[in-house]
Amino acid sequence: MSAQPCPGPSWAASLAFVTRRFSTLPDYFLELARRYGPVSRLHGMRADVYLFDESDAIEDLLVTKARSFIKGRGIQRLRRLIGNGLLTSEPPEHIANRRLVQPAFHRKRIEAYGAGMIAAAQRRLAAWNDGDEIEVEHESMRITLDIAAETLFGGADLSADTEGIGSALTAVMETFPASVAPFGEVLDVFPFLPITQKFRRARAQLDATVERLIAEHRRSRDDSGDVLSLLLAARDEDGSGLSDEQIRDEVMTILIAGHETTAVAISWTIYLLQRHPEDAARIVAQLDAVLGGRRPALDDAPALTLVRAAFSESMRLYPPAWLIGRVATEPVELGGYQLKKHDVALVCQYVTHRNPRYWPEPGSFSLERWLDGAKPPEKFAYFPFGGGNRICIGEGFAWLEGVLVLATLLQQARFELIDAAAVGLAPLVTLRPANPIRARVRVRSPHRAPASAAAPR
């Protein structure tokens, strides 16, 4: 353990941290890491905040010493929306909840979802005409919500709810920075505040959708092995089932986490490819060579190496889950420094995924980082789905979904950015684009390469 004080901003600069705009945090944390190194500290009145940008320390936090920490303020405040589900619960509830829904995410079952993923992307393609202007993130959300309904909720029909879910989720996301700010708990006790009313309206809309999903599934007595079926069939040792509140919390968690993060990753991938037209053309050429004009299928996924590389590189540069916070429950050594009880440990995927010690030319988009068996230089130099026993349960689902949806879309359409300027960051619960990614769809025949894959300059 280092005898030297942990480097970081002065007391005055640390106190100013709490007044920073939430939208500036990814680049602020990047600045801290580049200025102070693998570990930096922000002073606090009762507890200090440490930022770790070193793979061994990240592994200790998420794996080796995970029992010395609980989830941080951001996740705790998410309970206002998703309750005590898989994302927000702590042991022993988390362990029990994870075991309960794990069968729905076993490899063979995920593979069975493949056809539904391709079909959902195909349905969106069929709704587009050549020359249509779309918002890429909005369309990606529609696809992944369709997939979640089909695969995780037993084929539930959410087509009439798509716009409502999207707008409600966006409203909730927009209230998140205020919720996690100092004294954000005030929002819970003053219902007349406009931001509180906005949140409650959005939550009520999402609750109504979830309650309808549960009621319809109960009436159908479906037992197809999807997440909702598993929740409804679950029994405790005494034979009692889960309470309505427990089922609601898990369904809300899966509904939101099950489509938001992947849709964001797909959106960023399309954006990056259109800013790198030579890579987009390489992917189209591989799709034509592998598929020969037919639609993608599950068995094609391993051969679509360039699509997977683009998805991997997109999540390196713009990881949907961009920040992980933990609170120490006891004194613990981490990264060579002694943390006190209640100190906060942060690891930021956006920062570590751009660390030049691990990634040459870290700000550049490069498919080659992921080709010919290439892997991250160290295990926790790349962790878009977290790690340890809290690693995202849907990781395998998301990888397959991203590859198959992108392959289906890119085989039959290209996306010309209407505004090729950088869209900026909206670091809310996920790392969304700050401005809509607007694109013009150009429908192509999968039998021939497009005349030009270039984005407008």
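Annotations for the structure displayed:
- Residue within region 82-92 that is of a type outside the set (A, V, I, L, M, F, W, C), over 20 Å from the mean Cα position of the chain (by Cα) and not in a loop (DSSP other than H, G, I, E, B) present: no
- Of the residues making up region 231-278, those that are of a type in the set (Asp, Glu) and either closer than 21 Å to residue 392 by Cα or within 24 Å of the chain's Cα centre (by Cα) (or both) are 249, 250, 260.
- Condition met for residue 400 (under 29 Å from residue 109 (Cα atoms) and not in a loop (DSSP other than H, G, I, E, B)): yes
- Condition check for residue 186: of a type in the set (A, V, I, L, M) and either closer than 15 Å to residue 227 by Cβ or in contact (Cβ under 8 Å) with a residue 40 or more places away in the chain (or both): no
- Among the residues making up region 286-308, those that are part of a helix (DSSP H, G or I) and crowded, with 22+ Cβ neighbours inside 10 Å are 287, 306, 307.
- Within region 28-60, tally of residues that are modelled with pLDDT of 95 or more, over 17 Å from residue 335 (Cα atoms) and either touching a His at 6+ places or on another chain (Cβ under 8 Å) or among the acidic types (Asp, Glu) (or both): 1
- Residue within region 341-357 that is among the aromatic types (Phe, Trp, Tyr) and either more than 19 Å from the chain's Cα centre (by Cα) or surrounded by fewer than 19 Cβ atoms within 10 Å (Cβ to Cβ) (or both) present: no
- Of residues in region 391-419 being among the charged types (D, E, K, R) and surrounded by 20 or more Cβ atoms within 10 Å (Cβ to Cβ), the one nearest to residue 121 (Cα to Cα): 401
- The sole residue among 429, 403 that is in contact with a Leu (Cβ under 9 Å, 6 or more places away or on another chain) and modelled with pLDDT under 95 is 429.
- Here the condition is being hydrophobic (A, V, I, L, M, F, W, C), in a helix (DSSP H, G or I) and loosely packed, with under 15 Cβ neighbours inside 10 Å; of 75, 95, it holds for 95 alone.
- Of all residues in region 19-53 being assigned to a helix (DSSP H, G or I) and among the basic types (Lys, Arg), the one that is nearest to residue 352 (Cα to Cα): 34
The values are calculated or read from the model by the stated rules, or taken from the named source; none is laboratory data. Quick caveat: nothing in here was measured; it's all calculated off a predicted structure. Every residue, glycine as well, gets a Cβ built from its backbone with ideal geometry; the counts of neighbours run over all protein chains shown.
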